[in-house]
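Below is one structure, written out as structure tokens; comments come after it.
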Amino acid sequence: MGTDIDGVIECRSADGHWQLEADLLDFRPPRDYDAWECLFGVRGTGDVQRPLFAARGLPPHISEATREAAVGDWQHSHTYATWPEVAAVDWDEPLASGPAWNRALRRDREGEDLVRVTPGLREAAAATFGGELLLAPPEWPPGGEVHLDGAVYRPVVPTARILAPPDEGCWAQVWRTMRELAAGYGDEHVRLLVWFG
């Protein structure tokens, strides 16, 4: 069974109360476990050691509309991020101490893509570097590349830019909306709250 994301963008009004400004589902977030692991520490392949905004729970003061949507029997892994936190993210900072075990960069004539490491790629690595064990990218020698089916694979250290590009797709829209709201409400008065079910 899969996991789904839900959430809201809230803003704090001049009277100090938080109010729902945008529903995350209006941005049509795809079921992207890589992005969720990177941003919120939920699902993924286990390659991210330092997610950006994980396991914070819900903040103490939330709008009633958010409480009705977020608190129930099926919602879990609540967390949030304020606009200043999002704006301060270094999207190129490594999120792990070494290469990903379950991901590699694949380069061919079409360009470069992040892909899952398959048993076939591990077998090709063992054949390339010698040995009988299936080799995941952290076990490849420094600078090691594996050629398989017309593509070149190399290890990758996960970053937020690789797993949840800030200038593409729904997350670009979410960050743009938060930035625009912060221009009106003030940076400290805008936040994203998410949960999963």
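The values are calculated or read from the model by the stated rules, or taken from the named source; none is laboratory data. Quantities reported herein were computed from a predicted structural model and do not represent experimental measurements. Because the Cβ atoms are built from the backbone with ideal geometry, glycine has one as well, and the counts that use them run over all protein chains shown. Areas reflect the complete protein model, heavy atoms only, side chains present, ligands, DNA and RNA absent. Shrake-Rupley method; radii C 1.70, N 1.55, O 1.52, S 1.80 Å.
Quick notes on this structure:
- Within segment 125-139, the residues that satisfy the criterion of being under 22 Å from residue 46 (Cα atoms) and either open to solvent by 20 Å² or more (accessible area, probe 1.4 Å) or among the polar types (S, T, N, Q) (or both) are 133, 134, 135, 138, 139.
- Within segment 180-195, one or more residues are modelled with pLDDT of 95 or more, in a strand (DSSP E or B) and touching a Leu at 6+ places or on another chain (Cβ under 6 Å).
- The numbered conditions (1) among the β-branched types (Val, Ile, Thr); (2) assigned to a loop (DSSP other than H, G, I, E, B); (3) touching a Leu at 6+ places or on another chain (Cβ under 8 Å) are all true for residue 66 except (2).
- Applying the set (1) under 24 Å from residue 189 (Cα atoms); (2) of a type in the set (D, E, K, R); (3) free of Cβ contacts under 8 Å to residues at least 40 places away in the same chain to residue 10 leaves exactly one unmet item: (3).
- Near pairs, Cβ below 7 angstrom, 6+ apart or cross-chain, from segment 80-104 (of a type in the set (S, T, N, Q)) to any residue that is open to solvent by 50 Å² or more (accessible area, probe 1.4 Å): 82/188; 97/49; 102/46; 102/116
- Scanning segment 97-147 for residues that are part of a helix (DSSP H, G or I), of a type in the set (A, V, I, L, M) and more than 25 Å from residue 37 (Cα to Cα) returns 124, 125, 126, 127.
- Segment 59-114, residues that are within 24 Å of residue 46 (Cβ to Cβ), over 15 Å from the mean Cα position of the chain (by Cα) and open to solvent by less than 30 Å² (accessible area, probe 1.4 Å): 98, 104, 105
- Scoring residue 122 on the criteria (1) within 23 Å of residue 43 (Cβ to Cβ); (2) open to solvent by 60 Å² or more (accessible area, probe 1.4 Å); (3) touching a Cys at 6+ places or on another chain (Cβ under 9 Å) leaves a single failure, condition (3).
- For segment 34-43, a residue qualifies if it is open to solvent by 20 Å² or more (accessible area, probe 1.4 Å) and in contact (Cβ under 8 Å) with a residue 40 or more places away in the chain, and the qualifying residues are 34, 43.
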